[in-house]
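The structure appears below as structure tokens.
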Amino acid sequence: MNSNIEFTVNSRIEIDVDNEIYKSNIQDVSEDCISISIPVNNHKYMPLSKGDKVNIIYYDGKNVYKFSTMVVGRKIERILMIILKKPEKVQICQRRNFVRVPLILDVLCAIFPLEKDLYHLNDQVEVFKACSVDMSGGGMKIVVDVKMKDKLKRGDIIIVTIPMENDSLTLKGKLVRISNNKDESKLTCGLSFIDMDRNSRERIIRVLFQIMRQHIKKGAKED
């Protein structure tokens, strides 16, 4: 859709770098540009320079928008700010797909050969165990043994079998990030779900909201 959304000062904004989210907020809005605070993720700042292209997630009340834009400069007014060009086109998204919930589960993974069909994999496929860390309607984070370091690379397609209450759910994800874990014997991997049908996405979202409700109830009891 064409960009006719209104950007508001202090609204939440995020920069998506290979499925790793850097948080920021809008500090100033002009006719052609948006100025944001320096994006940060886990106390790590994201250095941005003029000409850098970035993928943005913008939260406006009940709506979530995604768009790509470019850094046009920096300025200092009380704080250091990054100046972004206003987008020409934006994509509106369902907010619930961005709800990321901590989820510790043992999952079974396989490196998916591009020439194979999901339901006709043979014994030569590399199968490995992993542990999920968190999940949303659009992706998940898993921890794998460091021995997989030479077998995994960004862009790989990974099949993940997730245990559900009464059965299991098999999903396909693109490996968008590999990073070192605090535990040196492990690697942390970020997956972005692909080729997911509506029913599978709805199942995941229902499970995630159920877990969120359980966390809320648990917190209320502890208080």
**Request:** Please specify each residue of segment 81-90 satisfying the condition of being outside any strand (DSSP E or B) and not aliphatic (A, V, I, L, M).
**Result:** Lys86, Pro87, Glu88
**Asked** Does Lys174 fit the bill of being farther than 14 Å from Phe112 by Cα, assigned by TED's automatic domain parsing to the domain that holds Val127, of a type in the set (Lys, Arg) and not in a loop (DSSP other than H, G, I, E, B)?
**Response** no
**Looking only at segment 177-191, and only at residues there that are assigned to a strand (DSSP E or B) and at pLDDT 90 or above, the one that is nearest to Arg154 (Cα to Cα)** = Ile178
**Request:** Tell me, yes or no, whether segment 161-171 has at least one residue that is at positive phi and modelled with pLDDT under 90.
**Result:** no
**Message:** Within segment 135-157, does at least one residue satisfy the condition of being of a type in the set (Ser, Thr, Tyr), at pLDDT below 95 and within 19 Å of the chain's Cα centre (by Cα)?
**Reply:** yes
**Any hit, segment 198-212, residues being more than 19 Å from Pro102 (Cα to Cα), over 18 Å from the mean Cα position of the chain (by Cα) and outside any helix (DSSP H, G or I)** = no
**Message:** Suppose we keep only residues that are touching a residue at least 60 places away in the same chain (Cβ under 8 Å) and in the same structural domain as Ile92 (by TED's automatic domain parsing) within segment 1-54. Which one would you say is nearest to Cys93 (Cα to Cα)?
**Reply:** Asn19
**Message:** Looking at segment 135-158 only, could you name the residues that are within 16 Å of Lys182 (Cβ to Cβ), surrounded by 15 or more Cβ atoms within 10 Å (Cβ to Cβ) and either charged (D, E, K, R) or not assigned by TED's automatic domain parsing to the domain that holds Thr170 (or both)?
**Reply:** Lys141
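The values are calculated or read from the model by the stated rules, or taken from the named source; none is laboratory data. As the structure is a computational prediction, the values presented were derived from the model and not from experiment. Cβ sites come from the backbone with ideal geometry, for glycine too, and all protein chains shown count toward neighbours.
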